Amino acid sequence: MGEAAIIRPKRGTQALAMHERVNESWESAETIPVAVRDLTKVYGTVTAVDRISFTLAPRSTVALLGGNGAGKTTTIAMLLGLVVPTSGEVRVFGADMSRNRYQVAERLNFQSPYVDLPMRLTVRQNLTVYAGLYGIANAIERIAFIAEDLQITALLDRPTGKLSAGQKTRVGLAKALLNAPELLLLDEPTASLDPDTADWIRQKLKEYADARDATILLASHNMAEVERLADRVILLDSGRILEDEASDVLLETYGREALEDVFLDVVRGRSWREARGDAAPARRAS
Ligand SMILES: Nc1ncnc2c1ncn2[C@@H]1O[C@H](COP(=O)(O)OP(=O)(O)OP(=O)(O)O)[C@@H](O)[C@H]1O
Ligand SMILES: [Mg+2]
């Protein structure tokens with residue numbers, strides 16, 4: 001048996017085995033940002049998320065990859081306690097998000113360009129409302145600081161609904177960072193941005209994660225973004241975890257130079273075992 005086979009946990013148990021030390025104290029660990037076990041969400045005939053299990057270690061940045069409809073947004077919504085799981089469990093800093101999400105609400109935040117802030121309020125009003133919700137004591141200073149940092153000071157007194165998509169994204173990120181969250185859930189944070197602004201936002205996220213020792217879960221279709229920010233990739237397909245591995249290990253195993261190619265390999269049906277040469281390919285070259 002080769003070395004890789006020893007390191008590599010058996011498929012199906014990999015998500016848990018990879019973080020065994022974290023999982024030993026699964027139930028109560030307040031220091032573990034996210035622990036998900038057998039999480040499932042069924043909408044009528046669609047199983048959006050299908051018995052997924054994983055944990056996020058403190059200070060890690062993990063990408064949630066998958067094609068359209070793979071279950072990324074549903075997973076994030078369950079982590080936030082906004083969507084009630086059909087079965088399984090979500091713990092965020094030890095709190096069961098179905099029951100006790102208010103216990104930890106101040107320690108996390110999220111951003112999605114698909115979730116609008118109230119349109120008629122100005123940016124400043126929106127940020128002030130959220131500062132209140134998060135119980136931020138020095139709200140005026142905090143808003144001024146974040147606005148400066150994200151270059152939205154000039155937008156503060158404009159109605160949020162009248163901003164461009166890219167401006168809204170930066171305002172959304174300002175909202176997400178207001179409470180200096182230890183856990184940041186990002187659903188395609190640069191989806192509507194031009195390449196220059198997207199790059200700038202990624203740099204900001206990296207700086208933030210380093211300065212705050214924050215944990216980030218990032219759903220993205222942008223492989224350059226994933227390669228730049230994430231040290232681990234969870235690959236979802238039809239609600240299931242197909243791979244959960246360090247980015248460089250994935251590249252090496254699939255013999256690829258870019259995660260995009262690994263992604264295409266996986267969603268087109270090339271399994272880990274095939275990539276390793278452990279099994280006959282499902283599709284023969286003819
Ligand atoms: N509220 C809902 N009611 C019914 N079906 C839903 C609902 N939300 C999501 N779904 C379905 O669940 C599946 C997963 O959707 P989800 O939005 O989580 O995918 P995604 O990975 O975020 O996709 P995308 O990359 O397109 O954003 C899809 O088939 C979707 O149609
Ligand atoms: Mg989505």
- Item | Residue-span extension gain [residue 144 to residue 224] - 0.36 nm each, minus C-alpha spacing | 25.7 nm
- Query: Near residue 76, within a Cβ-to-Cβ distance under 14 Å, what is the net charge of the other residues, with Lys and Arg +1 and Asp and Glu -1?
  - Reply: +1
- Name the chymotrypsin sites (Phe, Trp or Tyr not before Pro) in the stretch 90-191 that are in a loop by DSSP and that have at most 12 other C-beta atoms within 10 Å, would you? 114
- Item | FRET efficiency for residue 51 and residue 82, using Cβ-Cβ distance with R0 set to 30 Å, rounded to 0.05 | 0.90
- Message: I want to check the label-to-label distance for residue 98 and residue 164. Put each point 7 Å from Cα in the C-beta direction and report it in nm to one decimal.
- Response: 4.5 nm
- Message: At 0.36 nm per residue, and after removing the present C-alpha to C-alpha distance, how many nm does the segment from residue 192 to residue 119 gain when stretched out fully?
- Response: 24.5 nm
- Query: Rounded, prolate or oblate: which fits the stretch 60-115, taking a ≥ b ≥ c as square roots of the Cα gyration tensor eigenvalues, rounded meaning a/c under 1.5, else prolate when a/b beats b/c?
  - Reply: prolate
- Task: Grab the Cα-Cα distance for residue 137 and residue 207, subtract it from 0.36 nm times how many residues apart they are, and report the gain in nm with one decimal.
- Result: 22.8 nm
- Would you mind checking which residues have amide H under 5 Å from residue 243's amide H? H placed 1.01 Å from N; only 5 or more apart, or other chain. 235
- Message: Quick check: pseudo-label points 7 Å beyond the Cα along Cα→Cβ at residue 261 and residue 68, how many nm apart are they?
- Response: 2.7 nm
- Between residue 246 and residue 268, how many nm apart are label points set 7 Å from Cα along the C-beta direction? 2.8 nm
- Collect residues whose amide H, placed 1.01 Å from N in the peptide plane, falls under 5 Å from the amide H of residue 86; neighbours closer than 5 in sequence don't count. 40, 41, 42
- Query: Are there trypsin sites (Lys or Arg not before Pro) in the stretch 104-200 that DSSP puts in a loop and that have at most 12 other Cβ atoms within 10 Å, and which ones?
  - Reply: 120
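Read the figures in this text as sums done on the coordinates, not as results from a lab. What you are looking at is a predicted structure, and each value in this text was computed from that prediction instead of being measured. Methodologically, a virtual Cβ is constructed for each residue, glycine included, from the backbone with ideal geometry; neighbour enumeration extends over all protein chains shown.
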